[in-house]
1. By how many degrees, between 0 and 90 and to the nearest 10, does the Cα long axis of helix B:5-25 differ from the longest principal axis of chain B?
2. Please list 3J(HN,Hα) in residue order for the stretch A:18-24, calculated via the Karplus relation 6.51 cos²θ - 1.76 cosθ + 1.60 where θ = phi - 60°; whole Hz, with x for glycine and proline.
3. From the phi angles alone, apply the Karplus equation (6.51, -1.76, 1.60; θ = phi - 60°) to the stretch A:251-257 and give each ³J(HN,Hα) in whole Hz, x where the residue is Gly or Pro.
4. Farthest toward the dipole's positive end in chain A, which of A:Leu126, A:Pro462, A:Gly212, given Cβ charges of +1 (Lys, Arg) and -1 (Asp, Glu) about the Cα centre?
5. Find the percent of Cα-Cα distances in the stretch A:170-210 that exceed 11 Å, and round it to a whole number.
6. Among the GluC sites (Glu not before Pro) within the stretch A:391-492, which fall in a DSSP loop and have no more than 14 other Cβ atoms within 10 Å of their own Cβ?
7. Report the one residue of A:Pro255, A:Thr486, A:Val96 whose Cα lies farthest in the direction of the positive end of the charge dipole of the protein assembly as shown (charges on C-beta: Lys and Arg +1, Asp and Glu -1; origin at the Cα centre).
8. How far is helix B:58-88 tilted off the main Cα axis of chain B, in degrees rounded to 10, range 0 to 90?
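The values are calculated or read from the model by the stated rules, or taken from the named source; none is laboratory data. The structure displayed is predicted, hence computed values, not measured ones. As a convention, Cβ positions derive from the backbone with ideal geometry for all residues, glycine included, and neighbour counts pool all protein chains shown. We work out accessible area using only protein heavy atoms, side chains counted, and drop any ligands, DNA or RNA first. Shrake-Rupley method; radii C 1.70, N 1.55, O 1.52, S 1.80 Å.
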Amino acid sequence: MVVEIGGFAVADWVTLAPTLVLVAASLLVFLIDTVEPRPGSSSNAVLAAVTTVGSLLAFLVAGYLLVVGVGQERVTGPVSMFNGQLVVDGMSLFFVVIVGSVTALVALASYDYLAGEAYQAEYYALVLLAATGMSLMASANSLATAFVCLELSSLPSYALVAFYKDNRGSVEASLKYFLVGALSSSVLVYGISLVYAASGRLQFGAVAEQLGARPEFAGVLGVGVVMVLLGFAFKTASVPFHFWAPEAYEGAPAPVSAFLSSASKAAGFVLAFRLFLTAFPEVGGLAGGDPAVDWVVAVQVLAVVTMFVGNFAAATQEKVKRMLAYSSVGHAGYVLIGLAAISAPDSGFVLGASMMHLLVYGFMNTGAFLFVALAEQWGIGRTFQDFNGLSTQAPLACAAMTVFLFSLAGLPIGGGFISKLYLLAATAKAGTWLLGAALIVNSALSLYYYSRVVKAMWFEEPDGTVEIESYPTSLYAAVVIAAVATVVLLPAFGLLSPSAFNAASGLF
Amino acid sequence: MAILSEFYLLLSAAVFSIGLYGILTRSNALVFLMSVELMLNAANINLVAFSFHYGNVTGQVFSLFTMALAAAEVAIGIGIVLVLYRNFEDIDVTKAATMRW
């Protein structure tokens, strides 16, 4: 099949170029490692550069394809490949943009963070392979490819969390991440088998067609849909499979925590959006009539519970990284609003608001975790008190962290303000007042625990024992770039949101 | 005479439950891995049985994918259990609890 990109007729697989770039970069990393198996500091720089440039290229190519309208209604319509197993449309490109930008930031920061560590080629290759899985998850259009892509992103992540294999925290984090991950993936695949039992199909569109509004085996299908939802709860760190998140994020190397909590979460959400909206729209009652399997209510419950659990647990933490981990659970609850309020008349707006929140979240949350990486590099400890008076020694990084935290809380200093406002408007449009109230209450609560860090950094007196000796350039660059992006997304939000809304409307 | 598809559902549900019971009650990491295998294979029973029921091979092909991925998952899992043993001198999953829940 032939599609047209910017005036040129090319084969349809060219639209997968961002993913192919990531694959090529990971193979290149392996190749460099083969040529120079015991890397000195020079080849470490090459490895980090290949990873950063590769993911940046994936980000730019996906952005270009999105801008010229590939896969969207105004140009070609969704590009479907391999008998409908993969599809490239506005939504998949939008999420590849998120994954690519987060991966580039993480790779840039890892260069300084990993200085002096062994096995760096393996680290970068695993990051790129996981990113490949995540970008493919955005395109998966069948339960089979969905599961394969999900595992492709999960398996390297388990290994990445255990990267410090002599560190008990890292190993323990990886063990817990793996145990919960293995359990939830078997729940997911059992759910898939039940959906197959009820419909006899695996491709999303064919499942919807076969089920219709009144499926024959509604009971079996209902159990299957709930189990699939639980499987995705793991990937997006939502209740009830959220309890791995604080452990894994705390024990893992901080750039890996940033990667998992931003990119992996976004990839889980795009797959959940596509699956539930193209495979189960009619059984969920979105086409009107009584739902046979009311998954919308299930998602609403999960969204509210996830928001409260994440934010209340974050408020009680003593360690900054753990607080960020629970706040990441809370943000999964905010993003779930996109599915929970989907019955609104303007569903493209509701889903688009969630997508925009994930885009902004990709920068501000990655930045916040990278600041923690910086703090770990300085060896200043992990609790709130350890950050006391840090601004006297590192004002630039502390200013960036302040931007991240206030933007995460939803103050008008970064894009997080508008994306939360849109989510609130989405709940109002759907008339789901409980969701809106939960969003407001939790945002107010989150301001409390985010301000604790800001207060420690700017207003507390330093205890004078910590002396910062070095200012790692690449880590600093990554933090500052993320901060600039977060701030720029405030005025530029209006430029990007139409593409999110268009991409979201393409699913209905 | 062919066996009714409903019986396969019962069988797979039983196998899945046995696996889940193993995960919830055992603390040995290797037994945990075996239990996960049971749960994945319960899904395979469904996929193969309903592939026959509907007369297409989609489910059978997907069950091959599931097996391959289960093997990959166990490979990673064994690696993690190995470093667990090196760091904690045990493969009891409840021993690795230095972080607060």
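1. 0 degrees
2. Values, residue by residue: x, 5, 5, 4, 5, 4, 4 Hz.
3. With coefficients 6.51, -1.76 and 1.60, one gets x, 6, x, 4, x, 5, 4 Hz.
4. In chain A, that residue is A:Gly212.
5. 66 percent
6. Working: sites: A:Glu460, A:Glu467, A:Glu469; in loops: A:Glu460, A:Glu467, A:Glu469.
Answer by residue number: A:Glu467, A:Glu469.
7. Most positive-ward Cα: A:Thr486.
8. Result, in degrees: 10.
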